[in-house]
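Q: Let me begin by handing over the structure; questions about it come next.
The values are calculated or read from the model by the stated rules, or taken from the named source; none is laboratory data. Values in this document were obtained by computation on a predicted structure and should not be read as measured data. Every residue, glycine among them, receives a Cβ derived from its backbone with ideal geometry; neighbour counts consider all protein chains shown.
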Amino acid sequence: MTLLNVNDHRRRARRLLPRLVFDYLDGGAEDERCMQRNRDAFEALPLIPECLRDTRSMDIGIELFDRRWRAPFAVAPIGLAGLVRPRADALLARAARSAGVPFILSTASNTRIEEVRAAAPDAMLWMQLYVMGERAIAERIVRRARAAKFEALVLTVDVPVSGLRERDLRHGFRVPMRLTPGTLLDMACHPAWLLRQARGGAPQFVNLLPDDGAPVSAQAQAALLSRTMDRSLTWESLGWLRRLWDGPLLIKGLLGAQDALRALRHGADGIVVSNHGGRQLDAAPAAIAALPAILDAVEGRIPVLVDGGVRRGSDVVKALALGARAALVGRAPLFGLASGGEGGALAVLQTLAQEAERTMTLLGASHVDELGPRHVDRPEPRRRDEPATAAIHPARAAA
């Protein structure tokens with residue numbers, strides 16, 4: 001099978017992974033409408049080309065936090081990536097380094113912070129942070145990330161409680177794990193995956209380990225798997241993090257303009273507009289649909305990134321044209337990792353970059369800073385007294 005795009009890698013991953021693992025990677029919360037909303041919102045944004053433009057010199061790179069990215073996206077944090085392939089986090093970091101983009105390591109990763117840095121010594125590495133009830137765990141992670149020269153901290157704030165991920169529950173995917181006979185048989189029917197896992201060992205939340213090397217408590221593992229976080233964490237808690245971390249601090253998981261303004265007031269260096277890939281609040285809006293209001297609130301004072309539903313380089317271009325500084329991609333490189341290891345993940349990142357460059361060329365834009373809202377055919381907002389048909393587009397309604 002020729003792997004031409006992200007969906008090709010997804011289809012191959014579906015064949016190569018046990019259903020439990022694929023559903024964990026691919027699934028969302030409840031009816032998975034938010035996940036679908038992410039895709040629908042991208043598809044509802046046609047792009048408008050500008051013709052007869054000089055595009056001989058193309059550059060899709062960006063600069064952010066004093067670093068040059070070769071493409072305008074980063075690899076989003078994905079917890080339990082070790083289920084897809086042992087040492088997944090290190091392999092993804094290496095693929096991101098080869099693509100010239102940042103990799104964001106999840107608190108729920110299965111490779112130690114220090115090992116990820118050793119695997120990709122010159123990579124742009126960021127650390128994602130969950131704050132559970134034991135804040136000492138978060139403090140240790142932040143200190144270790146700083147010592148390993150991670151460049152930015154990404155605080156995820158949209159998980160006061162886990163979304164209801166029904167695919168996972170049907171498989172018995174919880175702590176302690178309760179695998180059904182059918183799931184065990186399915187694993188046995190994927191011998192290549194099973195052999196790799198047997199050699200690499202069951203994935204553990206190794207970055208929760210205490211400094212003395214004692215085992216991770218069952219309570220901490222269960223809290224991380226179920227996303228049971230510290231519900232006492234508030235905007236004022238950013239002061240606590242600032243005392244631990246002096247680099248760029250981004251807040252991930254915002255969907256409303258008021259929260260964006262709160263992030264500004266409390267000293268955030270960046271925002272990631274995100275609905276957690278549709279894995280938390282199923283009734284949440286698409287992230288790309290929430291982006292414009294947040295950009296209007298922020299008014300360029302800090303960079304705004306976006307994730308959720310990116311499957312094509314054209315999706316990245318749409319986000320940039322609306323005003324985002326960059327996009328994050330999570331499931332896409334994991335599909336590549338499943339289909340072909342580090343090389344598969346790199347192939348996905350290169351495909352997204354090539355698609356973004358081709359899309360920009362067709363739009364008549366040679367550089368990212370030439371993109372703007374004029375390139376996006378956004379639906380016009382409907383007035384209260386306006387017929388529903390006219391809200392689609394004034395010209396179309398008149399026709």
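Q: If I ask for residues that are of a type in the set (A, V, I, L, M) and either over 14 Å from the mean Cα position of the chain (by Cα) or farther than 19 Å from residue 13 by Cβ (or both), which ones from the stretch 329-344 would you list? Even if it seems obvious, please write down each step before you answer.
A: First pass over the stretch 329-344, keeping only residues of a type in the set (A, V, I, L, M): 329, 332, 334, 337-338.
Listed by number, the residues that qualify are 337, 338.
Q: Of all residues in the stretch 294-303 being among the aliphatic types (A, V, I, L, M) and in contact (Cβ under 8 Å) with a residue 40 or more places away in the chain, which is nearest to residue 323 (Cα to Cα)? Show your work before the answer.
A: To start, the set of residues in the stretch 294-303 that are among the aliphatic types (A, V, I, L, M) comprises 294-295, 297-298, 302.
Adding the requirement that they be in contact (Cβ under 8 Å) with a residue 40 or more places away in the chain leaves 294, 297.
On the way: 294: 10, 297: 12 Å.
Restricting to residues being among the aliphatic types (A, V, I, L, M) and in contact (Cβ under 8 Å) with a residue 40 or more places away in the chain, the top hit is 294.
Q: In the stretch 153-206, how many are over 27 Å from residue 30 (Cβ atoms), surrounded by 14 or more Cβ atoms within 10 Å (Cβ to Cβ) and of a type in the set (Lys, Arg)?
A: 1
Q: Here's another thing I want to ask about it. With the requirement that a residue be aliphatic (A, V, I, L, M), more than 16 Å from residue 76 (Cβ to Cβ) and at pLDDT 95 or above, what does the stretch 148-163 give you?
A: Just the residues of the stretch 148-163 that are aliphatic (A, V, I, L, M), to begin with: 148, 152-155, 157, 159, 161.
Subset that is more than 16 Å from residue 76 (Cβ to Cβ): 148, 161.
Scanning the stretch 148-163 gives a single hit, 148.
Q: Let me ask something else. Is it fair to say residue 258 is of a type in the set (S, T, N, Q) and modelled with pLDDT under 95?
A: Numbers: of a type in the set (S, T, N, Q): yes; modelled with pLDDT under 95: no.
No; evaluated as a whole, the condition is false for this residue.
Q: Restricting attention to the stretch 190-212, and to residues there that are under 17 Å from residue 134 (Cβ atoms) and more than 26 Å from the chain's Cα centre (by Cα), which single residue is modelled with the lowest pLDDT?
A: 212
Q: Every residue in the stretch 59-72 that is among the charged types (D, E, K, R) and either in a helix (DSSP H, G or I) or out of contact with any helix residue (DSSP H, G or I) (no Cβ under 7 Å at 6 or more places or on another chain) (or both), please. Full working, then the answer.
A: Looking only at the stretch 59-72, we keep the residues that are among the charged types (D, E, K, R), and these are 59, 63, 66-68, 70.
Once the filter is applied, which keeps residues that are among the charged types (D, E, K, R) and either in a helix (DSSP H, G or I) or out of contact with any helix residue (DSSP H, G or I) (no Cβ under 7 Å at 6 or more places or on another chain) (or both), the stretch 59-72 yields 59, 63, 66, 67, 68.
Q: If you go through the stretch 138-147 one residue at a time, do you hit one that is surrounded by 15 or more Cβ atoms within 10 Å (Cβ to Cβ) and either in contact with a Phe, Trp or Tyr (Cβ under 6 Å, 6 or more places away or on another chain) or modelled with pLDDT under 90 (or both)?
A: Yes, the stretch 138-147 has at least one match.
Q: Here is a follow-up. What number of residues in the stretch 291-304 are within 16 Å of the chain's Cα centre (by Cα) and closer than 22 Å to residue 33 by Cα?
A: Residues in the stretch 291-304 being within 16 Å of the chain's Cα centre (by Cα) and closer than 22 Å to residue 33 by Cα: 1 in total.
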